Amino acid sequence: MIALLKSLFSRNRHQAAVLRLYAGIVDQARQPGFYAAVAGEGRGVPDTVEGRFEVVALHAWLVMRRLAAEGPDLAALNQALFDHMFTDLDFSLRELGASEMVVGKKVRDLGTHFYGRADAYESGLKGGAGDLEAALDRNLFGSTLPDGPEVAAVASYVRTCADRLGALPAADLLARGPAFAPAPLF
């Protein structure tokens, strides 16, 4: 019973920070510079439900990896952010008219996809030249056929965001939300 109460109070304690972090993630993911419709030639991220998920997932991973760098102190907040993101995805799918039976499976699939992308992006960021680009090309761009400059621009953007978030004190991140670089324009 005590563990349950601690869990409930911990979630409430983190709620404002989670909402601020997630709002920053979604705001950045909505920047038109990421999407194919703005690029004119269809080389950006597809402006579809899946493409939007990919851009949200990329930014969520960036924030979650920063929170994870703080160690166990922010593990509960990191989990609360993940939970909030997938609760929002569940709600969004329902708003789009997905049936009750489809939503649960789709959200579970998206969770699996998220972890796969997080692993690929982390390996890419830590790997050699071209590793992050390959992970982004495979996951973020989906069915579009970006040229090298588009993939390189997003890889540079991701590295810049990772550096900015890494340099941001945790207290500032929690109080103000994430500080991303300007969205790349293709």
Cut-off under 5 Å, modelled amide H: who pairs with Tyr35 long-range: Val45
Extension gain, Asp131 back to Arg164 (0.36 nm per residue minus Cα-Cα distance, nm): 9.8 nm
Estimated distance in nm for a label pair at Asp27 and Ser92, the labels positioned 7 Å out from Cα along Cα-to-Cβ: 1.7 nm
Amide H contacts of Thr48 (H built 1.01 Å from N, under 5 Å, at least 5 apart or other chain): none
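Can you give the convex hull volume of the alpha carbon atoms of the range 117-186 per residue, in Å³? Working shown, then result.
Details: hull volume 6.6 nm³, N = 70.
Looking at the range 117-186, the number lands at 94 Å³ per residue.
Each value in this text was obtained by applying a stated rule to the coordinates, not by laboratory testing. Note that the coordinates shown come from a computational prediction; the quantities given were computed from them, not determined experimentally. Cβ: placed from backbone, ideal geometry, glycine included. Neighbour counts: every protein chain shown.
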